[in-house]
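Peer 1: The structure is given below, and queries will be raised subsequently.
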Number of protein chains: 2
Amino acid sequence: MMRVRDIGEIGLIKRLSKGIKLDSSVIHGIGDDTAVIKWNKDKYLLFTCDMLIEGVHFKAKKATPFQIGWKALGRNLSDIAAMGGIPRYALVSIAVRPDSDVRLLDGIYKGIKALAGKFGVNIVGGDMAHSSKTVIDVSLVGEAEKKRLVMRSGAKPGDVIFVTGSIGGSLKGKHLKFTPRVAEARMLVRKYKLNSMIDISDGLLLDLGRVLDSSHAGACIFEDLIPLSKNAGSFDKAVSDGEDFELLFTMGEKEANRLIKHGLKGSGLPIYIIGRIMEHGRGLSLVRANGAIENIKPKGYLHF
Amino acid sequence: MMRVRDIGEIGLIKRLSKGIKLDSSVIHGIGDDTAVIKWNKDKYLLFTCDMLIEGVHFKAKKATPFQIGWKALGRNLSDIAAMGGIPRYALVSIAVRPDSDVRLLDGIYKGIKALAGKFGVNIVGGDMAHSSKTVIDVSLVGEAEKKRLVMRSGAKPGDVIFVTGSIGGSLKGKHLKFTPRVAEARMLVRKYKLNSMIDISDGLLLDLGRVLDSSHAGACIFEDLIPLSKNAGSFDKAVSDGEDFELLFTMGEKEANRLIKHGLKGSGLPIYIIGRIMEHGRGLSLVRANGAIENIKPKGYLHF
């Protein structure tokens with residue numbers, strides 16, 4: 001018998017995606033932060049979902065109901081942000097124990113509504129069921145102007161790699177109260193030409209690795225350029241820790257210089273340069289603070 | 001402390017929906033089979049989701065993985081059918097135990113792909129997580145021509161009430177292998193003017209009650225007109241049993257006569273007349289096979 005954990009999450013997705021047929025209205029299916037679908041003359045429709053499970057994504061004793069709801073929607077908003085899009089419509093599926101205090105549901109919805117209100121997201125429906133553990137699945141439809149859509153797959157050798165904030169230590173608290181980088185992403189795609197973007201949900205190295213895979217590229221990043229959170233612990237732990245919910249994006253050198261000149265100072269945005277995209281054959285290398293160069297394998301948080 | 005089960009599913013949905021703000025692009029939010037959103041000049045976008053939980057919606061020992069996947073997507077297709085729409089794009093969130101046999105996931109996806117293929121649905125992404133019980137949440141985007149959209153809320157006194165097939169006994173097997181009435185619904189909305197429609201997922205009486213609530217109407221139905229499945233057991237059990245996944249719809253008398261003349265015979269469709277829509281003040285009455293008239297309360301399957 002082959003078990004789910006023996007194949008691993010990435011292998012499973014490849015295995016299960018086989019034989020899926022898509023019609024010509026689908027611009028991009030499985031394999032980016034969101035699906036991309038034809039919508040109208042100027043816009044694409046973005047479609048994403050994220051499941052939150054008690055004991056896996058949060059601990060009932062450590063997270064308030066408000067934080068659970070906030071995080072459930074926030075993860076989805078972060079995916080829409082990673083495409084340069086605008087979040088629009090959400091459905092909320094939720095399962096709880098029948099003997100739960102109704103304040104659990106009240107609080108979860110308060111968290112969802114608060115974050116939805118902040119970004120003008122319409123909560124248009126959902127589903128309710130009973131379950132021994134709390135499960136929340138939010139699905140989200142967003143939109144992106146065709147000319148502003150950013151995917152994982154567009155990174156080019158020579159691109160400068162940026163992140164929108166500090167990395168690591170999210171599980172000490174930030175993962176329950178982060179503000180998804182929707183506004184920052186919109187500012188970026190309105191003013192600049194980005195070649196690729198992803199949200200860091202499973203660890204900087206793993207998610208950078210996804211950009212490199214999709215773009216058929218390599219990269220070189222610098223230990224002393226990567227901004228660490230104060231709770232991050234060691235560098236190696238920080239860059240493979242999940243749930244930073246920062247954005248990682250790349251730009252050609254000319255655009256990068258424009259951003260550096262106009263954006264990094266004055267904009268108030270916490271944007272950091274962490275390295276460069278290279279040719280595919282170069283793989284992923286990390287320049288240590290002491291100057292040593294290591295060839296590394298992307299790793300991070302995977303469910304299996 | 002007030003518990004979730006003390007308020008009940010319907011009360012909870014009302015409670016949690018309070019204070020949700022919708023912008024003018026939302027034609028219909030919480031309260032129908034799917035949300036209805038502006039899409040383009042001719043079409044609305046439909047958006048729905050349904051969660052399937054091991055031990056609640058299926059028993060791991062009684063359902064094959066293929067059947068679980070089929071049902072997970074089928075429930076959503078049934079919701080799109082109930083609006084007269086065409087299902088288009090699906091996301092699949094799935095959580096299983098890490099030590100699960102990979103054939104569980106293979107089978108679930110086989111079921112999903114088989115049904116998706118049957119109706120031209122694009123599986124465009126999803127999410128994966130680990131969990132002690134299998135959970136599947138499918139969200140679905142569909143479309144409906146503006147002129148063909150049917151909601152729960154349009155039933156009018158005098159309307160004839162139809163169902164698309166036999167009622168009851170679904171839990172003896174049909175709930176795991178039903179074919180959602182997408183083709184039947186499309187045939188109906190293309191050829192006829194329907195005033196209201198709903199899919200029977202929580203029991204004939206409960207779902208008819210939802211149509212009556214939304215339409216501010218009453219109804220009279222006839223015991224000896226309601227077609228029962230051969231596994232249905234007693235009439236009273238059959239009409240409050242969940243998961244028939246048939247459609248219930250209403251039409252004005254003139255349209256109904258057209259359907260009766262052209263459709264009921266010859267079309268091969270199992271369409272049955274079960275009663276009439278009445279004024280709201282009349283409530284819901286059931287004419288028993290012996291001629292006795294009972295005023296009844298809608299009841300059916302609720303999670304809380």
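Just so it is clear, none of the values below were taken in a lab; they were calculated from the coordinates. Model, not experiment: these values are computed from the prediction. When we count neighbours, we look across all protein chains shown, and the Cβ atoms used for this are built from the backbone with ideal geometry, even at glycine.
Peer 1: In the neighborhood of A:Phe178, defined by Cβ-to-Cβ distances under 10 Å, what is the net charge if each Lys or Arg adds +1 and each Asp or Glu adds -1?
Peer 2: Residues near A:Phe178 contribute +2 overall.
Peer 1: Further, regarding this structure: Scaled to the compact-protein estimate 2.2 N^0.38 Å, what is the alpha-carbon radius of gyration of segment A:1-112, rounded to two decimal places?
Peer 2: Rg over 2.2 N^0.38 Å, computed on Cα atoms: 1.31.
Peer 1: Going Cα to Cα from B:Lys172, which lysines come in below 16 Å? Please leave out same-chain ones fewer than 8 positions away.
Peer 2: B:Lys59, B:Lys61, B:Lys62, B:Lys71, B:Lys230, B:Lys237
Peer 1: Another question, then. Read phi for every residue in segment A:221-230 and hand back ³J(HN,Hα) as whole Hz from Karplus 6.51 cos²θ - 1.76 cosθ + 1.60, θ = phi - 60°, with x for Gly and Pro.
Peer 2: Once θ is set to phi - 60°, the couplings for segment A:221-230 become 10, 10, 3, 7, 9, 7, x, 9, 5, 6 Hz.
Peer 1: Shifting gears a bit: Using the Karplus curve 6.51 cos²θ - 1.76 cosθ + 1.60 with θ = phi - 60°, what ³J(HN,Hα) values do you get for each residue of segment A:285-298, in whole Hz, with x for Gly and Pro?
Peer 2: With coefficients 6.51, -1.76 and 1.60, one gets 10, 10, 8, 5, 4, 8, x, 5, 10, 10, 8, 10, 9, x Hz.
Peer 1: A further question on this structure: Which listed residue (B:Ile68, B:Leu22, B:Leu91) has the Cα farthest towards the positive end of the charge dipole for segment B:2-132, taking +1 on Lys and Arg C-beta and -1 on Asp and Glu C-beta about the Cα centre?
Peer 2: Of B:Ile68, B:Leu22, B:Leu91, it is B:Ile68.
Peer 1: Expressed as a rounded percentage, what relative contact order does chain B have, with Cα pairs under 8 Å and six or more residues apart?
Peer 2: Here the relative contact order equals 21 percent.
Peer 1: Local charge sum around B:Ser215 (other residues, Cβ-Cβ under 10 Å, Lys/Arg +1, Asp/Glu -1)?
Peer 2: Around B:Ser215, the surrounding residues sum to +1.
Peer 1: Starting from the amide H of B:Phe47, placed 1.01 Å from N in the peptide plane, find each other amide H under 5 Å away whose residue is 5 or more places distant or on another chain.
Peer 2: Counting only residues 5 or more places away or on other chains, the set is B:Ala35, B:Gly142.
Peer 1: Treating only the Cβ of Lys, Arg, Asp and Glu as charged (+1, +1, -1, -1), what charge dipole size does segment A:229-301 show about its Cα centre? Round to the nearest 20 debye. Show your work: numbers first, answer last.
Peer 2: On the way: 11 positive and 9 negative charges, 53 e Å.
The dipole of segment A:229-301 has a size of about 260 debye.
Peer 1: Quick one: give the max-minus-min coordinate of the C-alpha atoms of segment A:144-283 along each principal axis, largest first, in Å.
Peer 2: Principal-axis extents of segment A:144-283 (Cα, largest first): 37, 35, 26 Å.
Peer 1: Then there's this: Can you compute the radius of gyration and Dmax for the protein assembly as shown, using only the Cα atoms, both in Å?
Peer 2: 25.6, 92
Peer 1: Let me ask something else. Considering only A:Gly283, A:Ile293, B:Met1, whose Cα is most displaced toward the positive end of the charge dipole of the protein assembly as shown, charges sitting on Cβ of Lys, Arg (+1) and Asp, Glu (-1)?
Peer 2: It is A:Gly283, whose Cα lies furthest towards the positive end.
Peer 1: Quick one: label points 7 angstrom along Cα→Cβ at A:Lys237, distances to the other copies in nm, smallest first?
Peer 2: For A:Lys237, the other copies' label points sit at 5.8 nm, shortest first.
Peer 1: State the percent of C-alpha pairs, over all pairs in segment B:205-251, separated by a distance greater than 13 angstrom. Mind dumping the intermediate values first?
Peer 2: Details: 669 of 1081 pairs.
Of all Cα-Cα pairs in segment B:205-251, 62 percent lie more than 13 Å apart.
Peer 1: Pairs B:Lys191/B:Lys261; A:Lys110/A:Lys177; B:Lys118/B:Lys146; A:Lys41/B:Lys38: which exceed 18 Å Cα-Cα? Can you show the working numbers first?
Peer 2: Details: B:Lys191/B:Lys261 13 Å; A:Lys110/A:Lys177 13 Å; B:Lys118/B:Lys146 24 Å; A:Lys41/B:Lys38 15 Å.
Long pairs (Cα-Cα over 18 Å): B:Lys118/B:Lys146.
Peer 1: Please arrange A:Arg288, A:Arg152 by counting, for each residue, the other beta carbons lying within 10 Å of its beta carbon, fewest first.
Peer 2: Neighbour counts put them in this order, fewest first: A:Arg288, A:Arg152.
Peer 1: I need the inter-copy label distances for B:Asp42: point set 7 Å along Cα to C-beta, values in nm with one decimal, smallest first.
Peer 2: Going from nearest to farthest copy, the values are 2.2 nm.
Peer 1: About the Cα centre of segment B:95-223, how large is the charge dipole given +1 on each Lys and Arg Cβ and -1 on each Asp and Glu Cβ? Please answer in debye to the nearest 20.
Peer 2: 520 debye
Peer 1: Pop out the ³J(HN,Hα) list for segment A:76-84 in order, Karplus 6.51 cos²θ - 1.76 cosθ + 1.60 with θ = phi - 60°, rounded to Hz; leave Gly and Pro as x.
Peer 2: 5, 4, 4, 5, 5, 4, 5, 9, x
Peer 1: Post the alpha-carbon centroid distance, segment A:139-189 to segment B:1-51, in whole angstrom.
Peer 2: Answer, in whole Å: 28.
Peer 1: Give me the orientation-averaged projected area of the Cα convex hull of chain B, in nm², one decimal. Walk me through the numbers before you get to the answer.
Peer 2: Details: hull surface 70.2 nm².
Projected area, direction-averaged: 17.5 nm².
Peer 1: For segment A:1-90, which trypsin sites (Lys or Arg not before Pro) pass both filters: DSSP loop (anything but H, G, I, E, B) and at most 15 other C-beta atoms within 10 Å?
Peer 2: A:Lys18, A:Lys21, A:Lys41, A:Lys59, A:Lys61, A:Lys62
Peer 1: A further question follows. When each copy gets a label point 7 Å from Cα toward the beta-carbon at A:Gly55, what are the spacings between them in nm, shortest first?
Peer 2: So the distances to the same position in the other copies read 0.8 nm.
Peer 1: In debye to the nearest 20, how big a dipole does chain A give about its Cα centre with +1 on each Lys and Arg Cβ and -1 on each Asp and Glu Cβ?
Peer 2: Numbers: 46 positive and 33 negative charges, 101 e Å.
Computed about the Cα centre, the dipole is about 480 debye.
Peer 1: Further question on the same structure: Using the 2.2 N^0.38 Å rule of thumb for compact globular proteins, work out how segment B:122-170 stacks up: its C-alpha Rg over that value, please.
Peer 2: 1.90
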